[in-house]
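Here is the structure we will look at.
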Amino acid sequence: MSKFLNLSFALLFLSGLLVGNTENKILTEDILNFEQVDIVDTGSSGDIFLYEKTKVAKDKKTYESSLFLKNYITEEEFKIFDKRTSYSNVQLGQNGKHIFYIDDGAGALRETKQIWRKSIPYGIRKQLTKYNGDIRNFDLSPDETKIIFVGTAKKETDSLEPIEIDRYQFKQDRQGFLRDVSNHLFLFDLKTKQLESFANENRNYQSPTWSPNGEFIAYVSKKEDSDRHNNSDLFLKRYDNLENEVQLTFNMGSDSAGWSSNSLQWSADSKKIAYVAGGDPKLLWYAIDNVSVIDIENKRIENITKALDRNTSSPRWSHDTARLYFVLEDNLKNQIAYYSFEDEEIRKMSPDEMYISSFEISGKDIILESSTTSEPKSIFRMNDSILRKVVDVNSFLSTKKIATTEKISFESYDGTEIFGLLVKPEDFNPNKKYPLLIRIHGGPVSQYGVRFNLEWQVFASNGYVVLAVNPRGSSGRGEEFQKAIFADWGNIDAKDIIAAADFISTKPYIDPENLGIGGWSYGSMLTNYVIASDVRFQAATSGAGISNILSGFGDDHYIREYIDELGTPWENLDVWMRISYPFFEADSIITPTLFLVGEKDFNVPLIGSEQMYQALKHNNIDTKLIIYPGENHGLSSPTNRIHRMNSYLEWYARYMKN
């Protein structure tokens with residue numbers, strides 16, 4: 001028997017030992033069965049809402065979404081769209097009889113994005129706009145006679161022509177090379193079909209939002225050279241005086257930047273706007289975001305969540321404007337909280353064990369998306385603090401054995417408490433020794449939380465204990481914790497991960513000689529930092545990362561962030577070199593490492609994985625590079641996601657005992 005057949009047989013045999021009886025276990029192939037639900041919009045009547053269900057298409061290469069309208073009082077449900085892939089930004093009309101949305105244009109405009117209207121539940125759809133370009137988002141006037149939208153003019157290009165660039169930031173993941181175009185605002189009259197320019201200065205505009213009384217339109221924009229800074233502000237125009245632009249905020253940070261049409265929230269009396277105020281722009285994403293309220297007349301701003309020292313988002317007014325609800329990110333969790341304008345107190349509403357992804361106000365009720373460590377995301381209705389599930393999916397999991405997840409904490413090398421989640425196989429036996437996988441999140445300013453993670457479940461089904469760690473630089477613990485790694489990547493955060501390995505290795509059910517590690521994006525970068533600092537790991541997987549940070553300058557889309565955090569390489573070379581040590585000290589790495597990356601990733605480009613693969617290959621360390629054709633930073637193809645998961649399992653099985 002050849003060496004190849006011997007190896008294949010060994011891996012097959014080992015895989016059988018790992019999985020054992022696969023009945024009722026969560027497998028990689030369950031990715032194909034997994035469905036996701038998302039709240040789309042709620043009706044003003046307080047009894048209906050739109051939601052979307054997304055699942056893998058029959059070709060297994062794409063996802064498709066269906067749109068539903070549900071009355072959660074009568075529990076009647078109508079399917080509005082079935083298995084579509086292109087629609088977005090759906091809004092429910094005020095009377096609940098129509099939806100408005102963005103989709104591909106018809107006829108000569110099929111290469112553009114236009115606004116459509118559809119009667120519900122079974123009406124004919126109609127294209128409303130004929131804009132020569134792409135409409136990115138929009139908002140309806142309260143009387144539904146006009147639309148304000150963000151439009152990007154169509155620019156004829158030939159894919160074979162040379163690409164001429166003169167912008168400061170000239171690349172963006174999923175967009176490719178950036179052309180010299182701006183996103184302007186336009187007004188469209190639904191009765192007369194007239195289209196007029198609303199704001200067309202040489203700058204980008206986003207998030208246009210009508211006031212409830214129809215007198216004002218608020219929006220977000222950047223002045224000056226928007227490629228060179230992250231300072232976005234709120235602006236306002238009266239509908240009867242479109243020539244006069246009023247700047248509302250002057251914060252140097254990012255105020256409600258984003259494409260969402262509901263990032264600005266008007267109070268019912270049209271006197272105030274709730275939004276998210278960014279922190280110190282010099283701290284980039286390490287700063288805390290605060291829910292704030294501005295009075296449009298006197299421009300007085302209340303940063304109502306600043307004292308929490310936690311990121312807050314998604315402000316929503318109560319039906320009587322007595323409260324402002326928002327999502328509060330805390331240690332390992334996301335919760336719904338509210339600020340009372342009566343007593344100026346903040347109170348939490350949702351249970352600690354529920355991880356809130358999103359919510360909307362529906363009359364006196366709250367419609368929310370929530371997950372737990374044992375259940376994927378579902379949609380719930382909250383009424384007077386009473387929760388009831390109104391949309392449930394993934395019923396196939398009811399026959400599956402779910403691995404248990406528990407919170408853990410430990411002291412790092414300097415006494416700082418670090419938190420994480422420990423996932424044990426569903427048939428866990430404390431008298432056995434288990435192989436351990438440490439998984440590291442991306443960001444770096446994000447966190448693992450108490451929500452369902454299919455990847456961890458698959459690892460646990462294959463006999464691994466999984467430790468998901470939130471090292472310093474993670475969110476949920478305040479600004480000091482977040483900014484602890486500013487311009488110092490791979491130092492104390494790597495030590496926190498090493499401390500996690502020390503902590504878990506003392507547990508009697510963990511085999512300390514059988515440890516694996518891995519992550520994606522910054523999780524990949526931190527994986528590389530750790531294996532360049534500690535040789536105890538038997539295997540590593542490193543997805544969409546970079547270690548020679550110098551190679552990212554001008555090759556990825558973070559030029560502003562590099563300058564603000566690290567300075568230029570020619571002025572601060574020592575900083576750039578210090579945080580690039582996994583590449584420049586690659587001869588210290590002995591851990592067999594699998595590198596993975598999307599071919600079209602402009603976030604953390606291909607070169608980052610290529611260079612580390614080449615370095616380890618040159619040093620005769622077992623390594624492999626997987627490149628996913630056409631993929632960006634996050635893999636979008638279900639087939640590729642399955643391939644990635646199987647590649648993880650194969651790599652760990654090859655080098656770890658079980």
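The values are calculated or read from the model by the stated rules, or taken from the named source; none is laboratory data. All figures in this text were calculated on a predicted structure; none of them were measured in a lab. Cβ: placed from backbone, ideal geometry, glycine included. Neighbour counts: every protein chain shown. Ligands, DNA and RNA are stripped out before the accessible areas are found, and what is left, the full protein with its side chains, is counted by its heavy atoms. Shrake-Rupley method; radii C 1.70, N 1.55, O 1.52, S 1.80 Å.
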Could you work out the mean projected area of the convex hull around the alpha carbons of the range 143-277, in square nanometres to one decimal? 9.6 nm²
Dipole axis of the chain (+1 Lys, Arg; -1 Asp, Glu on Cβ), positive-most option in 91, 267, 545: 91
Cα to Cα, under 23 Å, and not fewer than 8 places away if on the same chain: which lysines meet these conditions relative to residue 507? 407, 424, 432, 433, 495, 657
The simple spin-label model distance between residue 246 and residue 74, using points 7 Å out along Cα→Cβ, in nm, is 4.3 nm
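To the nearest 20 debye, what charge dipole does the range 192-266 have about its Cα centre, counting +1 at the Cβ of each Lys and Arg and -1 at the Cβ of each Asp and Glu? Each step should come with its number before you reach the end.
Working: 7 positive and 11 negative charges, 33 e Å.
Dipole magnitude for the range 192-266 comes out near 160 debye.
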Semi-axis lengths, Å, the range 324-426, gyration tensor of Cα atoms, sqrt of 5 times eigenvalues: 27, 23, 8
Report the accessible area of residue 371, computed with a 1.4 Å probe over the heavy atoms of all protein chains in place, in Å² rounded to the nearest 10. 10 Å²
Using the Cα gyration tensor of the range 51-141, the equivalent ellipsoid's semi-axes, largest first and to the nearest Å, work out to 22, 19, 10
Put +1 on the Cβ of every Lys and Arg and -1 on every Asp and Glu Cβ in the chain; which of 440, 184, 303 then has its Cα farthest towards the positive end of the dipole? 440
Centroid-to-centroid separation of the range 64-141 and the range 443-500 [C-alpha atoms, Å]: 39 Å
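Ignoring any ligand, DNA or RNA, what whole percent of the accessible area of the range 501-624 comes from carbon and sulfur when the probe is 1.4 angstrom? Please list the in-between numbers first.
Working: 2270 of 4370 Å².
Heavy-atom surface of the range 501-624 belonging to carbon and sulfur, 1.4 Å probe: 52 percent.
Run the numbers on the chain and let me know its relative contact order in percent, using alpha-carbon pairs under 8 Å that are six or more apart.
On the way: 1569 pairs, mean separation 65.6, N = 658.
With pairs under 8 Å counted, the relative contact order is 10 percent.
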Three-way shape call for the range 480-590 based on the alpha-carbon gyration tensor, with the a/c threshold at 1.5: prolate
Run the 1.4 Å probe and let me know the accessible area of residue 618, rounded to the nearest 10 Å². 140 Å²
Considering only protein heavy atoms, with the full assembly of protein chains and a 1.4 angstrom probe, order 527, 42 by accessible area, largest first. 42, 527
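In terms of the Cα gyration tensor, with a ≥ b ≥ c the square roots of its eigenvalues, is the range 427-533 rounded because a/c is under 1.5, prolate because a/b exceeds b/c, or oblate? It would help to have the intermediate numbers written out before the result.
Details: a/c = 2.07, a/b = 1.64, b/c = 1.27.
The shape class here is prolate.
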Using alpha carbons only, how many angstrom separate the centre of the range 264-284 from the centre of the range 359-421? 27 Å
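What percentage of the solvent-accessible surface of the range 172-223, computed with a 1.4 Å probe over protein heavy atoms, is contributed by carbon and sulfur atoms? Before the final figure, lay out the partial values.
Values: 1040 of 2460 Å².
Carbon and sulfur: 42 percent of the exposed surface of the range 172-223.
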Just read off the accessible area of residue 238 with the full protein assembly in place, 1.4 Å probe, to the nearest 10 Å². 90 Å²
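Pulled fully out, how much extra length does the chain show between residue 33 and residue 225, if you take 0.36 nm times their separation in residues and subtract their Cα-Cα distance? Please report the intermediate quantities before stating the final value.
Values: separation 192, 0.36 × 192 = 69.12 nm, distance 4.60 nm.
This chain segment gains 64.5 nm when fully extended.
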Expressed in Å to one decimal, the Kirkwood Rh of the chain from all distinct alpha-carbon pairs is 26.6 Å
Explain nothing, just the number: dipole magnitude of the chain about its Cα centre with +1 on each Lys and Arg Cβ and -1 on each Asp and Glu Cβ, in debye rounded to the nearest 20. 1820 debye
How would 171, 113, 432 rank on accessible area, largest to smallest, probe 1.4 Å? 432, 113, 171
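Mean residue ellipticity at 222 nm from the helices of the chain, using -39,500 (n - 2.57) per DSSP H segment of n ≥ 4 over the full residue count, to the nearest 500 deg cm²/dmol?
Details: 10 runs with 102 residues, N = 658.
When only DSSP H runs of four or more count, the value is -4500 deg cm²/dmol.
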What whole-number value in Å² describes the accessible area per residue of the chain for a 1.4 Å probe? 44 Å²
What is the gain in length, in nm to one decimal, between residue 588 and residue 44 on full extension, counting 0.36 nm per residue of separation less the C-alpha to C-alpha distance? 189.7 nm
Heavy-atom accessible area ranking, 1.4 Å probe, most first, across 571, 631: 571, 631
Find how many whole Å separate the alpha carbon centroid of the range 524-565 from the alpha carbon centroid of the range 592-658. 14 Å
If you place +1 on the Cβ of every Lys and Arg, -1 on the Cβ of every Asp and Glu, and leave all else neutral, what size is the dipole of the range 75-129 about its Cα centre, to the nearest 20 Debye? 240 debye
Heavy-atom accessible area of the range 108-149 with neighbours in place, 1.4 angstrom probe: carbon+sulfur share in percent works out to 47 percent
